[in-house]
1. Express the Stokes-Einstein translational diffusion coefficient of the range 94-183 in µm² s⁻¹, to the nearest whole number, given a Kirkwood radius over alpha-carbon pairs, 20 °C and a viscosity of 1.002 mPa s.
2. Can you compute 3J(HN,Hα) from phi for each residue in the range 174-180, using the Karplus curve 6.51 cos²θ - 1.76 cosθ + 1.60 with θ = phi - 60°, rounded to whole Hz and x for Gly and Pro?
3. Give me H266, H116, H125 sorted ascending by neighbouring Cβ count inside 10 Å, so fewest comes first.
4. Can you work out the FRET efficiency for the pair L31 and D58, with r the C-beta to C-beta distance and R0 = 25 Å, to the nearest 0.05?
5. Considering every Cα-Cα pair within the range 23-321, what fraction, in whole percent, is farther apart than 33 Å?
6. Quick check for me: using +1 on Lys/Arg Cβ and -1 on Asp/Glu Cβ, what's the dipole size of the range 23-321 about its Cα centre, in debye to the nearest 20?
7. Per-residue HN-Hα couplings for the range 107-120, Karplus 6.51 cos²θ - 1.76 cosθ + 1.60 at θ = phi - 60°, whole Hz, x for Gly and Pro?
8. Could you work out how far apart the two model spin labels at E83 and F245 are, taking each label as a point 7 Å from the Cα in the direction of the beta carbon, and quote it in nm?
Amino acid sequence: MVDPATSRTPPDSPNGQGEPGLRPLDGAVYLAILALGTLFWWWTRTDPASLPVWAPWDFAPLQFLAFWVAAWWYARGVIAAPEGEQPPLWRILCFAVGLAVTYAVLLTRFEYLAEHMFFLNRIQHVVMHHLGPLLIVLAWPGAALLRGMPAPLARLARSPWLTRPVGWIQQPLIAALLFVGLIGLWLVPSVHFAAMIDPDLYALMNWSMVVDGLLFWSLVLDPRPCPPARLSFLGRCGLAVGVMFPQILLGAMITFSGQDWYDFYHWCGRIYPAVGALRDQMFGGLIVWIPGAMMSVAGVILTLNFMRQVEERETGKEETASDATIIDSGQWT
């Protein structure tokens with residue numbers, strides 16, 4: 001989402017820490033996040049049935065902190081941005097909506113539903129791995145996040161200890177294999193069953209989907225030309241198309257299977273008993289099949305639009321330079 005090597009924020013800059021209106025606000029925001037998290041932690045352990053639908057039914061502290069702290073860092077990075085460097089409103093909205101929909105499927109009552117119906121679990125994963133990360137990356141929030149986070153963390157984000165592993169993971173073949181492979185891994189019936197009954201493995205599954213989605217879509221939806229982007233625009237289109245067909249195949253296999261592969265939902269009890277096992281599985285397969293392919297198509301369209309914008313900018317620069325050359329030549333003559 002940002003190339004640390006080409007970021008215009010100097011390594012030793014305060015990243016907005018020196019903003020007079022933001023420094024005293026930091027403590028208040030962090031304290032409010034901590035207080036809200038403590039309230040949810042207590043509430044989920046004393047009277048979870050009374051929680052509203054927008055509250056987490058099973059509180060996950062790291063996920064809660066990650067979402068709210070990221071939201072604050074982005075907000076303060078936008079506020080602290082120099083004049084002319086603030087992101088446009090549509091990018092800010094993309095970040096807010098992407099973060100909100102991911103939060104909705106992970107830290108609200110929807111998570112309880114997703115643990116009791118296979119097709120709802122597939123909706124959860126499509127949002128975690130496709131829709132939410134795609135919207136967040138479309139905001140291209142790296143510069144704002146670096147500006148908004150504490151300076152030591154910003155320096156860590158630029159350090160080779162982090163950028164080198166990310167660069168290795170974002171090699172095209174590895175990125176594609178991870179993107180499709182993680183979807184397939186968590187859909188292996190025995191692995192899926194183990195993840196759904198083991199809280200630690202369940203948390204790992206969710207983290208892996210969100211993080212991999214962010215890494216993959218930040219590679220595909222890089223709005224810059226190559227270099228500094230890792231791939232050409234056509235290479236990015238090819239990557240988006242390449243991960244589409246394995247998802248279609250996987251979704252078709254689940255949809256047209258004649259047996260119940262995911263008996264976890266039978267043992268835990270389906271939240272909608274009228275939806276039988278095979279129909280639940282068929283709906284889930286269609287969600288793997290259709291929305292996954294649609295996200296790839298959306299990625300291709302967005303990438304082609306970025307290519308068009310870059311070509312228009314370059315053409316405009318060439319025309320400006322050509323006009324300047326003619327004027328200079330005339331004056332010299």
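1. Rounded to a whole number, D works out at 142 µm²/s.
2. The phi angles translate into 5, 4, 5, 5, 5, 4, 6 Hz.
3. Ordered by Cβ neighbours within 10 Å, fewest first: H266, H116, H125.
4. About 0.55, to the nearest 0.05.
5. Counting pairs separated by more than 33 Å, the tail of P(r) holds 30 percent.
6. Using only the charged Cβ atoms, the result is roughly 480 debye.
7. Couplings: 10, 9, 5, 4, 4, 4, 5, 5, 8, 10, 8, 5, 5, 6 Hz.
8. 5.4 nm
Only the coordinates and a few stated rules stand behind these numbers; no lab work does. None of the values given here were measured: they were computed from a predicted structure. All Cβ positions, glycine included, derive from the backbone under ideal geometry; neighbour counts span all protein chains shown.
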